[in-house]
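The values are calculated or read from the model by the stated rules, or taken from the named source; none is laboratory data. Since the model is a prediction, treat every value here as computed from it, not as a measurement. Positions of Cβ are generated from backbone atoms using ideal geometry, with glycine treated the same way; all protein chains shown enter the neighbour counts. To get the accessible areas, we keep the full protein, side chains included, count just its heavy atoms, and leave off ligands, DNA and RNA. Shrake-Rupley method; radii C 1.70, N 1.55, O 1.52, S 1.80 Å.
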Amino acid sequence: MSLTIDLSGKVALITGASQGIGAQMARTFHQAGATVVLNHPDVGSTRADADTVAAGLNASRPASAVVAAADVSQPDAVQHMMQEIQQRLGGIDFLINNAAIIRDRTVAKMSLDEWKSVLDVNLSGVFHCCKFGLEIMRDGGAIVSLGSIAAIQGFYGQANYAAAKAGVQAMMRVVSREAARRGIRANVIAPGVIETAMAATIPENIRADMMKNIPLARFGATDEVANVALFLCSPLASYVTGIVLPVDGGLVAN
């Protein structure tokens, strides 16, 4: 017996999809047949990066990938993005809250802006996307938000990031209850150390210490996170909601 995840006819919005885990999410959902909307904040190279990913997807299946600019920390921008998606695609079936930033520093040295900017994107951004995304999400859809093992482990220098991700994980438990009447499920993936540009900023000595505590003895790949998101949005996870699922090679267990 073989199982196939077929999301043909479905629309998936992935925030922060210009690179890293978000870009891989777009590729994975697209491979499963979904039309994908790649959100980016239009900062630095994010527009060009998102356009490049979308162009590759459209080359294999025309008109199957759309790029949408919006800084998720700005509620008006998110609301406008959702309205444009509804007009163009009729709504969404899946929302992947992936957009995030890091501004690591000890509490004693962390500036108020470093605290606020991370909370604005990583926590309030998820709220904005859920609030306005649910307005255009079809019944029976699914939300997957990216938490982090940092919310559990409390890594040194990540008070802002850990607090934001802990908030996301709590928020999704609430959303899973509030959206259940529409058949919409909401879950969290809590990645460990995944090989991305963001992870590359972790000092080498800290990376080495982390590696010692990972039973699988390696860092994760972006597709290993994207595959879990695909599962959580698929009919295979039709009775799964309100959970936080670590994808960390066993790091949390230590």
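Only one entry in Arg88, Arg27, Arg105, Arg61 is open to solvent by 50 Å² or more (accessible area, probe 1.4 Å), among the basic types (Lys, Arg) and closer than 19 Å to Ile189 by Cα, namely Arg27.
Condition check for Val72 on (1) at pLDDT 95 or above; (2) open to solvent by 30 Å² or more (accessible area, probe 1.4 Å); (3) aliphatic (A, V, I, L, M): one failure, at (2).
Taking (1) polar (S, T, N, Q); (2) closer than 19 Å to Thr106 by Cβ; (3) surrounded by fewer than 21 Cβ atoms within 10 Å (Cβ to Cβ) in turn, Ser176 satisfies each apart from (2).
Can we say Gly125 is of a type outside the set (Ser, Thr, Tyr), in contact with a strand residue (DSSP E or B) (Cβ under 6 Å, 6 or more places away or on another chain) and either modelled with pLDDT under 95 or open to solvent by less than 30 Å² (accessible area, probe 1.4 Å) (or both)? So Gly125 fails the test.
Within the stretch 84-102, being polar (S, T, N, Q) and either under 15 Å from Leu38 (Cα atoms) or within 17 Å of the chain's Cα centre (by Cα) (or both) holds for Gln86, Asn97, Asn98. Scanning the stretch 214-227 for residues that are open to solvent by 10 Å² or more (accessible area, probe 1.4 Å) and within 22 Å of the chain's Cα centre (by Cα) turns up Arg218, Phe219, Gly220, Ala221, Thr222, Asp223, Glu224, Asn227. Yes or no: Ala186 open to solvent by 60 Å² or more (accessible area, probe 1.4 Å) and out of contact with any Asp or Glu (no Cβ under 6 Å at 6 or more places or on another chain)? Answer is no for this residue.
Residue by residue, here is whether (1) touching a strand residue (DSSP E or B) at 6+ places or on another chain (Cβ under 7 Å); (2) free of Cβ contacts under 8 Å to residues at least 12 places away in the same chain; (3) open to solvent by 60 Å² or more (accessible area, probe 1.4 Å); (4) within 16 Å of Ile14 (Cβ to Cβ) holds:
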site	(1), (2), (3), (4)
Asp93	yes, no, no, yes
Ile96	yes, no, no, yes
Met110	no, no, no, no
Val118	no, no, no, no
Gly140	no, no, no, no
Ile143	yes, no, no, yes
Gly154	no, yes, no, no
Gly157	yes, no, no, no
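Reported count of residues in the stretch 189-213, each being farther than 28 Å from Ala32 by Cβ, in a loop (DSSP other than H, G, I, E, B) and either touching a strand residue (DSSP E or B) at 6+ places or on another chain (Cβ under 9 Å) or open to solvent by 70 Å² or more (accessible area, probe 1.4 Å) (or both), is 1.
Within the stretch 59-72, residues that are at negative phi have Cβ atoms under 7 Å from residues that are of a type in the set (Asp, Glu) and open to solvent by 10 Å² or more (accessible area, probe 1.4 Å) in these pairs: Val67/Asp51; Ala68/Glu84; Ala69/Asp42, counting only partners at least 6 apart in sequence or on another chain. The set of residues in the stretch 31-57 that are within 16 Å of Ala226 (Cβ to Cβ) and assigned to a strand (DSSP E or B) comprises Val36, Val37, Leu38, Asn39. Within the stretch 210-223, residues that are touching a residue at least 24 places away in the same chain (Cβ under 8 Å) and farther than 12 Å from Val193 by Cβ sit with their Cβ atoms under 7 Å from residues that are not in a helix (DSSP H, G or I) and not β-branched (Val, Ile, Thr), at 6+ positions apart or across chains, in these pairs: Pro215/Gly249; Pro215/Gly250.
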